[in-house]
Amino acid sequence: MIPEDLDILTLLIAIVTASACALPGVFLVLRRMTLMSDAISHAILPGIVLAFFLTHSVSSPLLILAATATGVLTVIFVELLQKTKLVKEDAAIGLTFPALFSIGVILISQYTSNIHLDMDAVLLGKLEFASFNILKIFGYDLGPVSLYVMGGMLVLNIAFILLFYKELKLVTFDASLAATLGFTPVLIHYGLMTLVSMTTVGAFDAVGSILVVALIAGPAATAYLMTDSLTRMLILSVVIGCVNAVVGYLLAVPLDVPIAGTIATVTFLVFGLVFMIVPNRGLIAIARRHIRQKWEFAQTMLIIHLLNHEGLPEAQAESEIAHLYEHLQWEPTFATRVVKHALNNRYVSQQATQLMLTERGRTIARQTLVQ
Amino acid sequence: MEHFYFLTRFDYTLMIVTSGAALLGTVSGALGTYAVLRRQSLLGDVISHAALPGIAIAFLLTGSKTPLLLVLGAAIAGWLGALIILSIVRLTRIKYDSAFGLVLSTFFGFGMVLLSLIQRSGNANQAGLDDFIFGQAATILKRDVLTIGILGGIALIIMLIFWKELKLLIFDEGFAASIGLPIRALDILLTSLLVIAIVIGLQAVGAVLMSAMLVAPAVAARQWTDRLNLMVILAACFGAFAGVSGTIISSPIRIPTGPTIILCATVMVGISIAFAPNRGLLWNSIKQRRNRRSLKIATGSLIGATAAKNRMKENDTRRS
């Protein structure tokens, strides 16, 4: 069994990884480039394999460097393909990363006998074992390597966003204005892409190439549902990322399943929950608004109908409740409910079977007609 | 000599694998055309990953590895994923890319959780479920080829039946809606056809590489023609060719078949982009150079003409 203190370390790695991924994710979601992280996370495979052949270690800094370079190369490839104007962006991404990934798989298969870089770990990562890979300097035990790598990435991401906040914001929301003002969008773009590559490579070891996309896209997309402010979206997505990581971890341990898998599952569930209940934009809010609008519209129809015939000879006939069924083509049950709503709102008053406009109802009907 | 031997004795297993890959390439090439033209190339990537929990649940429920059952599970999950994406995009301000990324990774993660539960349950039958992630083209059996052929054939026939409607959907959705075509239903139909094309290929080339089988042949075909019917036929041929050549190249030198097929398809894209008439890079640069030259001649003669005119004017003024 895993000792108690290592458990906390694993959890800490999960939280730090989630936070580090959530930050660049915000800009990817806003810039509609989320799938670039998917492409990068697959395409870095040949870089990792080649660097592994050179260094024979899975945790050397050269590995991270080589993989990051491959990631940036992927972005360049995709953009070059797009620039030919022969291939659209989505197809360019869909062409580039499978090809690079294929090269990686072939390389691995050729040398699979003498290395321990197995495909399972590539796609799924091994968060469970991340805390066993201890950084030792002069024999001192300094804690897990992953924690340092992802901690470093977190600090780097925060620093980049703080330093270039204004530029990032401008490039994200109005790239052409940014260009005319003299902030080179290309520079910011590649800076961001390098960060995404580095974060992906760093997280790769812990969560693998596919689930890193959940860490990048999930919290940012969830936060995007909740706020209109960039600052708040950044903070929210880090918080959501951390919540996903903690809940995922707590679910995975008793079930004894891959932690990265449960974190991804929780990410989807949290997104779904927010999608349901978020005020104004959530599914429930949308449904309620639809219902309210339906009744409001029906009531407006009713008072305009009454206003049209008010004071005319046929008014008596037209304001019979029973007449509404035929004139407005309403079902009797529907008409009864509309009348009830209108009575509650004091738009109309009822005398026997006759409906009369109140002063309030008359004003509203007139206003609506003028509009 | 060895190569010669290999070519003459085209052995049975290789023949099965090759025909499976060829069928797969044909179906995914033809249907991928629609995904690429609608700018939803990455839908393949999403569906193939989202299919994983479906495969796991199908196995958990039935305990069998019958291809048809697993394909059905994969199809349901992939279809559900695609449907969730459509509704996220329709109901929120989240765009396709984020919805794709979210569904792809989280469905896959859930599938991994289920697979690890299956693996721990100690069911001896579970070996080989992993193939759906990485693909194992070399283990294609005759019954797999049958599944691919029948389901793929059905998908292609449906595509032909709704040819006109689908064509309208991808090129002018607004017009299609205005003449009363059921856009949402057609959208779901097209997505379902793509789901079929993807899930039948999962075991052969794997989730990660299946998306390329959908994209690459179509992109290559796009370079050679502007007509939909030609593009679909070309993409199907390119897909089949990639399947066959990838299998034949990978078999004697013992490298994984799936990735080799993808690389073959990628090479075909490269050749098409470089050399296709009218659109290709080479053609374009020649055209550009010719345009520049004719522009130079035109401007040259223009300058000459203006100069001559000025001279005449000068002469006129001098004379008067």
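Assorted remarks:
- Top-ranked residue in the stretch B:265-287 [being under 20 Å from the mean Cα position of the chain (by Cα) and among the β-branched types (Val, Ile, Thr); ranked as farthest from residue B:244 (Cα to Cα)]: B:273
- Just one of the numbered conditions (1) touching a Leu at 6+ places or on another chain (Cβ under 8 Å); (2) modelled with pLDDT under 85 is not true of residue A:205: (1).
- Residue B:18 more than 16 Å from residue B:114 (Cα to Cα), in a helix (DSSP H, G or I), modelled with pLDDT of 85 or more and not aliphatic (A, V, I, L, M): yes
- Residue in the stretch A:228-239 that is without any contact (Cβ under 8 Å) to a residue 24 or more places away in the chain, of a type in the set (Gly, Ala, Ser) and surrounded by fewer than 16 Cβ atoms within 10 Å (Cβ to Cβ) present: yes
- Boolean, residue A:217 is more than 11 Å from every other protein chain (Cβ to nearest Cβ), touching a residue at least 24 places away in the same chain (Cβ under 8 Å) and closer than 22 Å to residue A:37 by Cβ: no
- Considered as a group, the residues in the stretch A:250-282 that are small (Gly, Ala, Ser) and facing another protein chain (nearest Cβ under 7 Å) include one that is farthest from residue B:104 (Cα to Cα), and that residue is A:260.
- Odd one out for residue A:312 among (1) of a type in the set (A, V, I, L, M); (2) closer than 24 Å to residue A:19 by Cα; (3) away from every other protein chain (no Cβ under 12 Å): (2)
- Filtered residue count, the stretch B:227-256, keeping only those that are out of contact with any helix residue (DSSP H, G or I) (no Cβ under 7 Å at 6 or more places or on another chain) and closer than 17 Å to residue A:91 by Cα: 0
- Per-region count, the stretch B:95-114, residues more than 7 Å from chain A (Cβ to nearest Cβ), out of contact with any Gly (no Cβ under 6 Å at 6 or more places or on another chain) and of a type in the set (A, V, I, L, M): 2
- Some residue of the stretch B:54-64 being within 12 Å of another protein chain (Cβ to nearest Cβ) and either among the small types (Gly, Ala, Ser) or part of a helix (DSSP H, G or I) (or both): yes
- Contacts under 6 angstrom Cβ, first residue in the stretch A:27-52 being free of Cβ contacts under 8 Å to residues at least 60 places away in the same chain, partner of a type outside the set (Lys, Arg) and in a loop (DSSP other than H, G, I, E, B), 6 or more apart: A:35/B:42
- Qualifying residue in the stretch B:208-216 (condition: within 15 Å of the chain's Cα centre (by Cα) and of a type in the set (Ser, Thr, Tyr)): yes
- Elements of type helices (runs of 4 or more DSSP H) contained in the stretch A:27-111, each with 2 or more residues being crowded, with 19+ Cβ neighbours inside 10 Å and facing chain B (nearest Cβ under 9 Å): A:34-55, A:89-110
- Residue A:261 being touching a Phe, Trp or Tyr at 6+ places or on another chain (Cβ under 8 Å) and in contact (Cβ under 8 Å) with a residue 60 or more places away in the chain: yes
- Screening residue B:139 against (1) crowded, with 19+ Cβ neighbours inside 10 Å; (2) more than 30 Å from residue A:28 (Cβ to Cβ); (3) modelled with pLDDT under 90 leaves a single unmet condition, (1).
- Among residues that are closer than 20 Å to residue A:149 by Cα, in a helix (DSSP H, G or I) and modelled with pLDDT of 90 or more, residue A:16 is included.
- Count of the stretch A:283-307 residues which are among the acidic types (Asp, Glu) and within 14 Å of another protein chain (Cβ to nearest Cβ): 0
The values are calculated or read from the model by the stated rules, or taken from the named source; none is laboratory data. Since we're looking at a predicted model, the values are computed, not measured. No Cβ is skipped: glycine too gets one built from the backbone with ideal geometry, and neighbour counts run over all protein chains shown.
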